[in-house]
């Protein structure tokens, strides 16, 4: 039994030692410290064309942060393609503040009924049987 234990310990030690022989921490790839060079310092261009603000002039970012966020999200005309502009012209212009008044308690809504519910709940298809009709003016 003692010989078997010795053989098992010898085999285990040999297996562990064989696993350490291939790589090890002494044979690893590491960067060469002497190949590293310093980066050149950043240089400010000589002509920035920036002028300091005039005393008493209004600040360029007027308004509170929430007003600026609303202006970014909903304000200003976006560039539109000719097709999109034509579709918007045919549909008619909406109120500029329509997004603000939709959630208002005084806004009247219309229940569209079962047809809209069926359209929304329709299964997704590949569009093979889809049809579109574009009326002429």
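The values are calculated or read from the model by the stated rules, or taken from the named source; none is laboratory data. Keep in mind the model is a prediction, meaning the values are calculated, not measured. Quick reminder, even Gly has a Cβ in these numbers, built from the backbone with ideal geometry, and neighbours come from all protein chains shown.
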Could you run through the range 70-95 and say how many residues are part of a loop (DSSP other than H, G, I, E, B) and either at pLDDT 70 or above or loosely packed, with under 10 Cβ neighbours inside 10 Å (or both)?
10
Based on what the data block shows, is residue 117 assigned to a loop (DSSP other than H, G, I, E, B) and either modelled with pLDDT under 75 or surrounded by 10 or more Cβ atoms within 10 Å (Cβ to Cβ) (or both)?
no
